[in-house]
Amino acid sequence: MPLHESEAIVLQRFALGESDRLVSFFSRTMGKMRGVAAGARKPKSRFGATLERLSYIRIWFFERETRELVRISQCEVIESFLDVFRDYPSSVALALFSEITEMVLPDREPSDANFRLLLLAAQAVKRTGKPDLPLAYFALWTVKLGGWLPSLTRCARCGDALDPNAAGYLGPSASAVVCGKCRKPGMRILSPAVLGAARKMLQERLDRLIEKSEAISPRAARELADFMLDVIERQIDRKLKSRELLESHV
Ligand SMILES: [Zn+2]
């Protein structure tokens, strides 16, 4: 049984048996994995608080040849996000980050871009206490990295450039944006502010956008997040559980 060492982010955790934990984690070098932390729910477990959701950790684990679950041997916290869960809106954003990562990434396929995105977004929520912009950024880039982002610069129907000062229109499948001429009844309106926010987020780093706080309004960020969460739900073909918390609070 080879021992592996990796940076990882804890995605989900479940009680298992009397005192163990089943943990889903995103390893930087090996991708999304599941493992068992034996005795992790005992009061004096060696795992302590290392396996909290979104914890950025260094993890040591053994692969077992015949089983999909790895055996987690040891963890050290690099950065904890435990305090962030005390603030309700921030905790909902973090819950969405972990749920979306769990749902969209295939098992055991490393993706450094997704890893950096998850960490960057969680750190931005922690640092600012304002989850709107990081959530929109995370959702947009998850969609972009997944290859599911519709064109935001050209109409999907006629191919004309979308006027940056005009609204775009989104069909029911949330998979294509069309111009005013190609609009059909019932299509959702994407305001110029929402489309502008998306274009800025594709060009600038999250920390730069946070510094320039006037660049994107919280409202545009929320609308963009809503649009992107629709795209994600369509891709995974189910509703995101944490999203209900978001909507019940707005
Ligand atoms: Zn058009």
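The values are calculated or read from the model by the stated rules, or taken from the named source; none is laboratory data. Quantities reported herein were computed from a predicted structural model and do not represent experimental measurements. Using ideal geometry, Cβ is built from the backbone for each residue, glycine included, and neighbour counts are taken over all protein chains shown. Note: accessible area is taken over every heavy atom of the protein model, side chains too, but ligands, DNA and RNA are not part of it. Shrake-Rupley method; radii C 1.70, N 1.55, O 1.52, S 1.80 Å.
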Filter the stretch 46-83 down to the residues that are open to solvent by less than 20 Å² (accessible area, probe 1.4 Å), assigned to a loop (DSSP other than H, G, I, E, B) and either modelled with pLDDT of 95 or more or more than 23 Å from Gln123 (Cα to Cα) (or both) and list them by number.
Leu54, Ser55, Phe81
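Name the residues in the stretch 123-153 that are within 16 Å of the ligand (Cβ to nearest atom) and open to solvent by 40 Å² or more (accessible area, probe 1.4 Å), would you? It would help to see each step written out before you state the result.
To start, the set of residues in the stretch 123-153 that are within 16 Å of the ligand (Cβ to nearest atom) comprises 150-153.
Residues satisfying the conditions are Ser151, Thr153.
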Show the residue pairs meeting these rules: Cβ distance below 6 Å; 6+ apart or different chains; first residue within the stretch 16-31 and among the basic types (Lys, Arg); second residue crowded, with 20+ Cβ neighbours inside 10 Å and assigned to a strand (DSSP E or B).
Arg21/Ala37
Out of the residues in the stretch 1-42 meeting the condition of being surrounded by fewer than 22 Cβ atoms within 10 Å (Cβ to Cβ) and of a type in the set (Lys, Arg), tell me which one is farthest from Glu109 (Cα to Cα).
Lys42
Quick check: anything in the stretch 167-189 charged (D, E, K, R) and away from the ligand (no atom under 16 Å from the Cβ)?
no
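State whether the residues of the stretch 100-108 include one that is of a type in the set (Asp, Glu), away from the ligand (no atom under 16 Å from the Cβ) and open to solvent by less than 20 Å² (accessible area, probe 1.4 Å).
There is no residue in the stretch 100-108 that is of a type in the set (Asp, Glu), away from the ligand (no atom under 16 Å from the Cβ) and open to solvent by less than 20 Å² (accessible area, probe 1.4 Å).
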Write out, first by first residue and then by second, each pair whose Cβ atoms fall under 6 Å of each other, whose residues are 6+ apart or on separate chains, and whose first residue, in the stretch 174-197, is touching a residue at least 12 places away in the same chain (Cβ under 8 Å) while the second is more than 16 Å from the ligand (Cβ to nearest atom) and open to solvent by less than 50 Å² (accessible area, probe 1.4 Å).
Ala174/Asp230; Ala174/Val231; Ala193/Ala220; Val194/Ala220; Val194/Leu224; Ala197/Ile216; Ala197/Ala220; Ala197/Leu224
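Hey, can you tell me all the residues within the stretch 166-196 that are outside any loop (DSSP other than H, G, I, E, B) and within 22 Å of Arg234 (Cα to Cα)? Give the derivation first.
Our first condition is that a residue be outside any loop (DSSP other than H, G, I, E, B); within the stretch 166-196, this holds for 168-170, 177-178, 180-182, 188-190, 192-196.
Passing the criteria: Gly168, Tyr169, Leu170, Val177, Val178, Arg188, Ile189, Leu190, Val194, Leu195.
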Condition broken by Pro164, with the remaining ones in (1) away from the ligand (no atom under 16 Å from the Cβ); (2) more than 29 Å from Glu99 (Cβ to Cβ) satisfied:
(1)
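Only one of Glu223, Glu214 is without any contact (Cβ under 8 Å) to a residue 60 or more places away in the chain and surrounded by 14 or more Cβ atoms within 10 Å (Cβ to Cβ); which?
Matching residue, one of Glu223, Glu214: Glu223.
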In the stretch 154-172, which residues are over 14 Å from Ser191 (Cα atoms) and open to solvent by 30 Å² or more (accessible area, probe 1.4 Å)?
Arg154, Ala156, Arg157, Cys158, Gly159, Asp160, Ala161, Pro172
Is there any pair linking a residue in the stretch 70-86 that is over 11 Å from Ile59 (Cα atoms) to one that is aromatic (Phe, Trp, Tyr) and part of a strand (DSSP E or B), with Cβ under 6 Å and at least six apart or on different chains, and which?
Val70/Phe61; Glu79/Tyr56
